[in-house]
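Heads up, the thing below is written out as structure tokens.
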């Protein structure tokens, strides 16, 4: 939704009155947002598998279920 809103509101303004660096930055921001959403859709934030809970983001982290004392 964020990427679509950005596309509708910001890109026309950038093409009317902006230099090339701002247009490239805006397009890269849009692409990174779409790719980040796709990654989060495919790999859920937390999953429980093999007696551990891996955190799925760029810096993978894993916690063993036996190490959890309280929630």
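Would you check if residue 28 is in a helix (DSSP H, G or I), more than 28 Å from residue 54 (Cβ to Cβ), at pLDDT 80 or above and over 10 Å from the mean Cα position of the chain (by Cα)?
Values: in a helix (DSSP H, G or I): yes; more than 28 Å from residue 54 (Cβ to Cβ): yes; at pLDDT 80 or above: yes; over 10 Å from the mean Cα position of the chain (by Cα): yes.
Yes; evaluated as a whole, the condition is true for this residue.
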Counting only residues that are touching a helix residue (DSSP H, G or I) at 6+ places or on another chain (Cβ under 9 Å) and exposed (fewer than 13 other Cβ atoms within 10 Å of the Cβ), which one in segment 33-56 is nearest to residue 7 (Cα to Cα)? 48
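The values are calculated or read from the model by the stated rules, or taken from the named source; none is laboratory data. Please read these numbers as outputs of a predicted model, since none were measured by experiment. All Cβ positions, glycine included, derive from the backbone under ideal geometry; neighbour counts span all protein chains shown.
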